[in-house]
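Comments concern the structure below.
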Amino acid sequence: MTQANSTDPIIIAQDVHKYFGQFHALRGVNMTVQKGEVLVIVGPSGSGKSTFIRTINRLEAHQKGTIIVDGIELKEGSNLDAIRREVGMVFQSFNLFPHLTVLQNVTLAPMQVRKMPKDKANALGMELLERVGISEQAQKFPAQLSGGQQQRVAIARALAMQPKVMLFDEPTSALDPEMVGEVLDVMKTLAKSGMTMLCVTHEMGFAKAVANRVVFFDQGNIVEENTPEGFFNNPQHERTKMFLNQIRHA
Amino acid sequence: MNSFNPKNPVIQSLFGAFLIALVGVLVWQISQGLKANNIVLDWGVLGQPSQITSGSNLTTILLGMWLTIRIALVSIILALLLGIVVGVSRLSSNTVVRLVATAYVEFFRNTPLLVQIFFWYFGVFNLLPKVVQDSLDTQFGAPTVAVVAALSIYTSSYIAETIRAGIQSIPKGQFEAGDSLGLSGFQTLGLIILPQALRVVIPPLGNQFLNLTKNSSLASQLGAQELFYYGIQMQSYSGQGFVSISAITLGYLVMSLSITAILTLINNRFALAVRK
Ligand SMILES: Nc1ncnc2c1ncn2[C@@H]1O[C@H](COP(=O)(O)OP(=O)(O)O)[C@@H](O)[C@H]1O
Ligand SMILES: [Mg+2]
């Protein structure tokens with residue numbers, strides 16, 4: 001388990017509310033994440049997990065409360081691109097760019113956003129693809145790769161911006177079971193390297209291996225926060241117990 | 001296999017033989033009709049000296065075709081650029097931009113092209129400063145300028161709708177991936193969304209390019225010396241109506257089929273890779 005520095009918060013969310021029209025999706029979420037911390041977010045479908053992590057890079061705008069990422073408050077008119085450069089995101093459905101090669105997927109943002117010269121970006125891209133174990137596929141197109149490989153490319157693509165925080169929204173839910181492991185392995189290595197990570201995932205093994213904290217969402221708010229051992233072995237809340245029973249019998 | 005399979009070689013050759021027979025009957029019927037009306041087809045007229053331009057009548061036809069090609073090429077490029085801008089604006093989050101783009105599309109799609117050509121020629125063109133008018137007229141010819149403006153703008157209103165549909169067919173996750181990497185809205189649009197949307201809409205775009213090329217024959221109404229205009233002139237000077245119209249038809253057919261061939265090449269070249 002990585003040791004998080006408990007006096008150096010990189011994400012502060014206070015009383016965050018989010019509405020989709022009339023629907024109250026986030027109901028006053030409070031959360032502080034320390035630099036280097038690995039947080040696993042679990043909860044039933046529709047509880048607001050995706051919505052919450054998407055407010056962290058403002059793919060969703062919140063209507064009430066404060067979110068501060070790396071010292072910058074997320075609000076109307078703040079420099080969104082600057083924040084998004086510091087926060088990488090990995091989606092359930094990969095969202096790779098189908099018209100670009102694997103390497104181009106990884107080098108696009110460094111070249112366009114960070115204005116990195118092409119040869120430097122290619123070197124960085126190949127190094128990252130090496131790290132996620134798919135450098136031989138660099139010249140292929142995403143559709144020619146398996147789901148597990150595509151998700152590893154998506155991780156490399158996000159890392160290419162050298163972000164300070166990585167957000168994962170159910171990165172293994174769309175994968176065939178035999179490919180889940182290869183993606184989790186990459187995520188574990190990343191966690192051990194000291195990256196700050198917020199992961200929406202129901203992979204208990206991953207949570208037990210690398211998470212500092214597990215956060216349980218229900219009906220738009222955090223119901224329980226615990227260590228991985230405490231959360232899975234000795235849950236405090238009725239709703240947490242019910243949820244754990246459900247995922248264990250699924 | 002007993003079921004009907006259109007790729008069966010026997011069925012295919014039967015169908016081919018039927019088509020050839022049909023064309024044969026048609027040609028025979030036409031020649032009978034021409035004979036009955038004492039019309040003599042003289043293809044040699046194409047080689048005779050032209051009374052309209054220098055060279056032979058064939059030269060005249062080719063000169064007309066050359067102007068048609070230039071009008072079509074320039075208009076296709078302008079229509080595509082305008083269509084992309086208007087199509088993207090149709091999806092803008094800015095209400096004013098969106099409304100202006102919608103008005104543009106509805107106005108130019110819902111008035112006849114011939115009226116628009118006259119509008120540019122007799123209306124807008126005459127409002128330009130005299131020096132601009134004169135320089136455009138001596139460089140390109142006033143009718144050509146008006147026709148290019150009308151064709152580009154008219155066709156761009158259709159292309160805008162095609163582009164809009166193309167953009168809307170791209171999954172939301174592609175926009176989100178661009179945003180979350182810190183790309184600006186323009187970068188996401190230009191580097192991620194449009195390259196995919198344009199691939200999707202190559203076939204319907206091709207239809208618009210073909211329509212534009214065929215519609216360019218309306219330029220003859222302003223006296224622009226393009227293919228249809230010269231073909232009709234040749235007909236009235238030579239009296240060879242059937243030959244002249246055939247030459248015009250063949251000219252448009254060659255241009256249309258070339259456009260189709262080029263777009264097929266582009267389509268194949270840029271098709272998205274799929275898992276093998
Ligand atoms: N764009 C949206 N428009 C309307 N409702 C939404 C939208 N996105 C999410 N919701 C609703 O917000 C709630 C929380 O969704 P989400 O954050 O995706 O849940 P989770 O990721 O925990 O499954 C759900 O009830 C969902 O239907
Ligand atoms: Mg979700």
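The values are calculated or read from the model by the stated rules, or taken from the named source; none is laboratory data. Predicted, not measured: the structure shown is a model, and the values here were computed from it. Cβ placement follows ideal geometry from the backbone for every residue including glycine, while neighbour counts extend to all protein chains displayed. Accessible surface is based on the protein model in full, side chains and every heavy atom, while ligands, DNA and RNA are left aside. Shrake-Rupley method; radii C 1.70, N 1.55, O 1.52, S 1.80 Å.
Around the Cα centre of chain A, unit charges on the Cβ atoms of Lys, Arg, Asp and Glu (plus for the first two, minus for the last two) sum to a dipole of about 420 debye. Buried surface for the A/B pair, taken as the accessible area of each chain alone minus that of the pair with a 1.4 Å probe, is close to 2100 Å² in total. The relative contact order of chain B, computed from alpha carbon pairs under 8 Å that lie at least 6 residues apart in sequence, is 24 percent.
Under 5 Å between amide hydrogens, built in the peptide plane, is the criterion, and for A:Gln34 it picks out A:Ile10 among residues at least 5 positions away or on other chains. Note on chain A: with a GNM built from Cα contacts shorter than 10 Å, the maximum mean-square fluctuation among A:Val40, A:Val165, A:Val210 falls on A:Val210. Normalised by residue count, the protein assembly as shown yields a Cα convex hull volume of 242 Å³ per residue. The shape of the range B:1-160 comes out oblate: with a ≥ b ≥ c from the C-alpha gyration tensor, a/c is at least 1.5 while a/b does not beat b/c. Burial annotation for the range A:124-145: residues with an accessible-area loss of at least 40 Å² between the isolated chain and the complete set of protein chains, computed on heavy atoms with a 1.4 Å probe, are A:Ala143, A:Gln144. Probing with 1.4 Å while keeping every protein chain in the model, the per residue accessible area of the range B:126-276 equals 47 Å². Just checking the listed ones, B:Asn37, B:Asn94, B:Asn110: in the Gaussian network model of chain B with Cα springs under 10 Å, the one fluctuating most is B:Asn37. 3J(HN,Hα) along the range A:48-59, derived from phi through the Karplus expression 6.51 cos²θ - 1.76 cosθ + 1.60 where θ = phi - 60°, amounts to x, 4, 4, 4, 5, 5, 6, 6, 5, 10, 6, 5 Hz, with x in place of Gly and Pro. Here is what passes the span test in chain B: the DSSP H helices with alpha carbon length of 27 Å or more along the helix axis and a Kyte-Doolittle mean of 0.5 or above are B:9-36, B:57-89, B:142-168, B:241-270. When only alpha carbons are used to place a centre, the range B:5-71 and the range B:205-276 end up 15 Å from one another. When a 1.4 Å probe is rolled over the protein heavy atoms, the share of accessible surface on the range B:1-140 that falls to carbon and sulfur comes to 72 percent. Taking a straight line from the alpha carbon of A:Lys208, these aspartates and glutamates sit under 19 Å away, with near neighbours fewer than eight places off in the same chain left out: A:Glu37, A:Asp169, A:Glu170, A:Glu182, A:Asp185, A:Glu224, A:Glu225, A:Glu229. Pairs of Cα atoms nearer than 8 Å and 6+ residues apart set the relative contact order; for chain A it is 27 percent. For A:Lys140, the lysines whose Cα falls under 23 Å of its own Cα, not counting residues fewer than eight places away in the same chain, are A:Lys118, A:Lys120, B:Lys276. Separation of the range B:97-152 and the range A:136-163 by C-alpha centroid, Å? With the range B:97-152 and the range A:136-163 each reduced to a Cα centre, they are spaced 49 Å.
From largest to smallest, the equivalent ellipsoid semi-axes obtained for the range A:160-245 from the alpha-carbon gyration tensor read 23, 15, 13 Å. Taking the square roots of five times each eigenvalue of the Cα gyration tensor of the range A:1-158, the equivalent ellipsoid has semi-axes of 31, 18, 16 Å, listed largest first.
Put simply, the range B:44-270 fits an ellipsoid with semi-axes of 39, 21, 13 Å; these come from the alpha carbon gyration tensor as the roots of five times its eigenvalues, largest first. Its convex hull of Cα atoms gives the range B:182-276 a direction-averaged projected area, equal to a quarter of the hull surface, of 9.6 nm². Applying a DSSP loop filter and a limit of 15 other Cβ atoms within 10 Å to the trypsin sites (Lys or Arg not before Pro) in the range B:1-89 leaves B:Lys7. In loop segments of the range B:99-170 as defined by DSSP, there are no trypsin sites (Lys or Arg not before Pro) with at most 12 further C-beta atoms inside 10 Å of their C-beta. Shown for the range B:180-229: residues covered by the partner protein chains by 30 Å² or more of accessible area relative to the chain by itself (probe radius 1.4 Å), namely B:Ser180, B:Leu181, B:Gly182, B:Leu183, B:Gln187, B:Leu191, B:Ile192, B:Gln196.
Summing charges over all other residues whose Cβ lies under 9 Å from the Cβ of A:His17, with Lys and Arg as +1 and Asp and Glu as -1, gives +2.
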